[in-house]
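Notes follow once the structure below has been shown.
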Amino acid sequence: MNRMPNPLTERLRIRHPLIQAPMAGGPSTPALVAAVANAGGLGSLAGAYLHPAAIREAIAQVRALTDQPFAVNLFVPTAVRDEPEQVEWARELLAPHRARLGLPADEGAPLPSLPRFDEQLEVLVEEGVEVFSFAFGVPSGEQLTELQDAGIVTIGTATHLLEALVLEECGVDFIVAQGAEAGAYRGGFVGDPERVQVGTMALVPLLASHLRTPVIAAGGIMDGRGIAAALALGAAGAQLGTAFLACPESGAHPLWKQALLDATEVGTELTRVLTGRSARALRNPLLAALGPDAADLPGFPALHLLTQPLRHAAAAQGCSDYMALWAGQGAPLCETRPAAELVEDWMAQVAEILGG
């Protein structure tokens with residue numbers, strides 16, 4: 001399939017209405033971003049956990065591999081006040097699991113800080129990235145104006161109609177309609193994400209019917225059949241994340257990739273016990289151990305920072321019991337083929353289904 005003109009492909013100057021979802025924590029390597037971009041889609045660099053210098057370096061690495069447009073994704077910061085008792089309770093719950101992995105006892109040192117959003121954003125403007133995508137809220141009006149003045153296309157994330165209307169009112173260029181099937185973080189910012197679980201098939205036509213802003217479907221889309229369905233429902237394109245996790249270019253841990261290949265359609269759950277934010281992951285012993293205490297645990301980023309040493313040690317030791325195995329409900333359809341090959345086959349499926 002050579003080209004499918006629509007608002008997404010025209011505005012972003014890409015051949016296919018397909019976006020590789022940003023996947024923080026390692027999977028969205030420069031190689032994966034560039035492979036998707038070179039294949040005609042929009043690759044997405046996950047910059048949320050990266051300090052400004054690291055974002056700049058990652059952008060340079062992608063540009064060394066492609067001259068095509070790509071996106072950089074960040075998390076909009078939200079104010080969360082955790083009670084000290086919640087943090088201490090989390091430390092107590094995690095203590096036996098740290099011991100199992102040979103980690104020293106947590107002595108209660110102050111938690112580190114995440115990178116500053118405004119400093120991350122400044123790098124994107126300075127580097128002149130083509131597309132900025134974000135989740136968990138909306139940048140300030142001043143920040144959006146700065147991005148617009150720099151010619152950067154903006155893509156927000158909504159999990160229901162109210163969030164989408166807020167994004168549209170703020171002047172965002174595109175809106176990702178993230179269904180509850182999606183892997184990893186629920187990207188919304190209004191309401192309880194574990195109660196607001198609208199599926200992709202219901203969410204996309206709802207948003208497409210109520211918005212002037214073009215909609216991008218996300219959640220449970222794993223191949224050309226899903227992309228074609230998204231387009232038929234009124235989306236300008238589709239965003240796929242889990243579908244790329246098992247690719248050779250993905251930075252996902254080998255045990256994570258194997259877990260995806262072994263997954264079933266009922267093998268994931270929405271949980272906040274890994275980071276303090278609601279996210280969909282494959283079930284493992286860590287989720288089972290912390291699940292009963294989810295309501296008493298601190299929010300993001302405190303819990304993310306508390307479990308991070310555990311998750312990193314588990315990955316280094318090859319112990320998937322304590323890893324964050326992010327995955328959407330479509331995980332059983334994962335393939336291990338190169339990203340470019342998948343994109344080519346998916347778009348051929350779309351052409352066959354839609355007659356393009």
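The values are calculated or read from the model by the stated rules, or taken from the named source; none is laboratory data. All values derive from a computational prediction rather than experimental measurement. Heads up, the Cβs are rebuilt from the backbone with ideal geometry, glycines too, and the neighbour counts pull from every protein chain shown.
Among the residues of region 330-356 satisfying the criterion of being outside any helix (DSSP H, G or I) and at pLDDT 95 or above, which is nearest to residue 33 (Cα to Cα)? Break it down stepwise before answering.
The first filter runs over region 330-356 and keeps only residues outside any helix (DSSP H, G or I), leaving 330, 334-338, 355-356.
This time we only want the ones that are at pLDDT 95 or above, so: 330, 334-338.
Details: 330: 21, 334: 18, 335: 17, 336: 16, 337: 15, 338: 12 Å.
Here the answer is 338.
Taking the criterion of being within 18 Å of the chain's Cα centre (by Cα) and at positive phi, would at least one residue in region 6-13 satisfy it? Scanning region 6-13, I find no residue that is within 18 Å of the chain's Cα centre (by Cα) and at positive phi, so the answer is no. Of all residue pairs spaced 6 or more apart or on separate chains, those with beta-carbon atoms under 7 Å, a first member in region 192-207 that is under 18 Å from residue 277 (Cβ atoms) and a second member that is surrounded by fewer than 16 Cβ atoms within 10 Å (Cβ to Cβ) are 194/270. Going by the structure shown, is residue 143 assigned by TED's automatic domain parsing to the domain that holds residue 178 and surrounded by 15 or more Cβ atoms within 10 Å (Cβ to Cβ)? When the stated conditions are applied, residue 143 passes them. When the residues of region 255-274 are narrowed to those that are without any contact (Cβ under 8 Å) to a residue 60 or more places away in the chain and under 25 Å from residue 305 (Cα atoms), which ends up surrounded by the fewest Cβ atoms within 10 Å (Cβ to Cβ)? Among them, the one singled out is 269. Residue 160 - would you say it is under 18 Å from the mean Cα position of the chain (by Cα) and more than 18 Å from residue 241 (Cα to Cα)? It is true that residue 160 is under 18 Å from the mean Cα position of the chain (by Cα) and more than 18 Å from residue 241 (Cα to Cα).
Scanning for something modelled with pLDDT of 95 or more, in the same structural domain as residue 155 (by TED's automatic domain parsing) and surrounded by fewer than 13 Cβ atoms within 10 Å (Cβ to Cβ), does region 13-22 turn up at least one residue? Looking for residues that are modelled with pLDDT of 95 or more, in the same structural domain as residue 155 (by TED's automatic domain parsing) and surrounded by fewer than 13 Cβ atoms within 10 Å (Cβ to Cβ), one finds at least one in region 13-22, hence yes. When 45, 12, 74, 65 are checked against the criterion of being among the aliphatic types (A, V, I, L, M) and touching a Gly at 6+ places or on another chain (Cβ under 7 Å), 74 stands alone in meeting it. Could you please find all residues in region 236-258 being out of contact with any strand residue (DSSP E or B) (no Cβ under 7 Å at 6 or more places or on another chain), part of a helix (DSSP H, G or I) and not hydroxyl-bearing (Ser, Thr, Tyr)? Within region 236-258, 243, 245, 254, 255, 256, 257, 258 qualify.
One line per residue, one yes/no per condition, for (1) in the same structural domain as residue 152 (by TED's automatic domain parsing); (2) touching a helix residue (DSSP H, G or I) at 6+ places or on another chain (Cβ under 6 Å); (3) of a type outside the set (Lys, Arg); (4) more than 28 Å from residue 109 (Cβ to Cβ):
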residue	(1), (2), (3), (4)
28	yes, no, yes, yes
43	yes, yes, yes, yes
56	yes, yes, no, yes
59	yes, yes, yes, yes
66	yes, yes, yes, yes
85	no, no, yes, no
88	no, no, yes, no
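Table: residues versus (1) farther than 21 Å from residue 272 by Cα; (2) charged (D, E, K, R); (3) assigned by TED's automatic domain parsing to the domain that holds residue 33; (4) crowded, with 23+ Cβ neighbours inside 10 Å.
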| residue | (1), (2), (3), (4) |
| --- | --- |
| 178 | no, no, yes, yes |
| 183 | no, no, yes, yes |
| 189 | no, no, yes, no |
| 225 | yes, yes, yes, no |
| 233 | yes, no, yes, no |
| 236 | yes, no, yes, no |
